[in-house]
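Undergrad: Take this structure, written in C-alpha cells, and hold onto it; I'll ask about it next.
None of the figures in this text is laboratory data; all of them are computed from the coordinates on show. Worth saying up front: this structure is predicted, and the values here are computed from it rather than measured. Ideal geometry is used to build each Cβ from the backbone, glycine not excepted, and the neighbour counts take in all protein chains shown.
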Amino acid sequence: MRALLSLLSGALLMLCLLATPLQAAELVNGEEVQELEWDALMPADFTFDNVLGGDDEIGSLEDYDPRAQQKYDQMMEVLQSAPVVKELDGKMVKIPGFVVPLEGDGQTVSRFFLVPYFGACIHVPPPPSNQIVHVHYEPGTQVKNLYDAIWVTGKLTIETTTHELGASGYSLEAFRIEPYQME
C-alpha cells in the first residue's frame, strides 16, 4: 500500500510539474502582457521604400531644387500617416525605447514620445508615425539621461497624436516604466 501511495504521489507531482508553465506569463491589471519589438508596430507590407516610393531621383536632386522640397513634403506626409497594426489596439504591451519629452516639469516627464532609437524626433525627418508611441504616465517618471533606454508597460491604442517633433500612430497609457535590461 505504501508503495502504491508513493507511486501515486510521484505521478501527481509529475502531473503538476507538467501542467505548470516554466515561466508564468506577466500580468498587468489582470491582462497578459505581450512584449513587442518595434517592427511589430508596422504592417508586414510596409517598407521604407513605400515612403520614398522607390524614387531613385531623390538622391540626385540639389538641396535648393524645388522638386527636392516637393519630394520632402511628400515623404513627410507619408511618414506622418504610416499604417498601423490594428490587431494591437487595446493590447497590454511591454516595449523598449527612448524618451522624447513632451510634457513635464524639470526632471519629471508625464507625456513623451517613445521612439526606437536615441535622437529620433530631434533629427529630421522623424521616424514614421507607426514607429512613434505617445506615452502618458500620470505619476510622471524621472528622466535622468535621455541616452538611457527604458521599458514601458501599458495599454496600447491606435490613436494619432501630432506634435511639432513628429506624429505618433499609437498611444500608450503606461502602468509601469523601468530601466531597460535585456531579458
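Undergrad: Extending each Cα 7 Å along its Cβ direction at residue 45 and residue 103, get the distance between those two points in nm, one decimal.
TA: 3.6
Undergrad: I would also like to ask the following. Treating the beta-carbon of each Lys and Arg as +1 and of each Asp and Glu as -1, no other charges, what is the dipole magnitude of the range 91-183 about its Cα centre, to the nearest 20 debye?
TA: On the way: 6 positive and 9 negative charges, 41 e Å.
Dipole size: approximately 200 debye.
Undergrad: Please report the equivalent ellipsoid semi-axes of the range 31-151, computed as sqrt(5 x eigenvalue) of the Cα gyration tensor, largest first, in whole Å.
TA: Numbers: eigenvalues 182, 76, 23 Å².
The answer is 30, 19, 11 Å, longest axis first.
Undergrad: With labels modelled as points extended 7 Å from the Cα through the Cβ direction, what inter-label distance (nm, one decimal) is found for residue 81 paired with residue 180?
TA: Once both label points are built, they end up 3.1 nm from each other.
Undergrad: Tell me the net charge near residue 92. Cut-off is 13 Å between Cβ atoms, residue 92 excluded, with +1 for each Lys or Arg and -1 for each Asp or Glu. Show your work: numbers first, answer last.
TA: Numbers: positive: 91, 94, 155, 176; negative: 26, 31, 32, 35, 89, 173.
Every neighbour counted, the sum reads -2.
Undergrad: Next up: With each label point set 7 Å from Cα along the Cα-Cβ vector, what nm distance links residue 145 and residue 64?
TA: Here the answer is 4.3 nm between the modelled labels.
Undergrad: What FRET efficiency do you get for residue 157 and residue 32 if R0 is 22 Å and r is their Cβ-Cβ distance, rounded to the nearest 0.05?
TA: Details: r = 17 Å, r/R0 = 0.77.
The computed FRET efficiency comes out at 0.85.
Undergrad: Using the charge dipole of the range 56-183 (Lys, Arg: +1 at Cβ; Asp, Glu: -1 at Cβ; taken about the Cα centre), state which of 99, 180, 61 has its Cα farthest towards the positive end.
TA: My answer, from the dipole projection, is 180.
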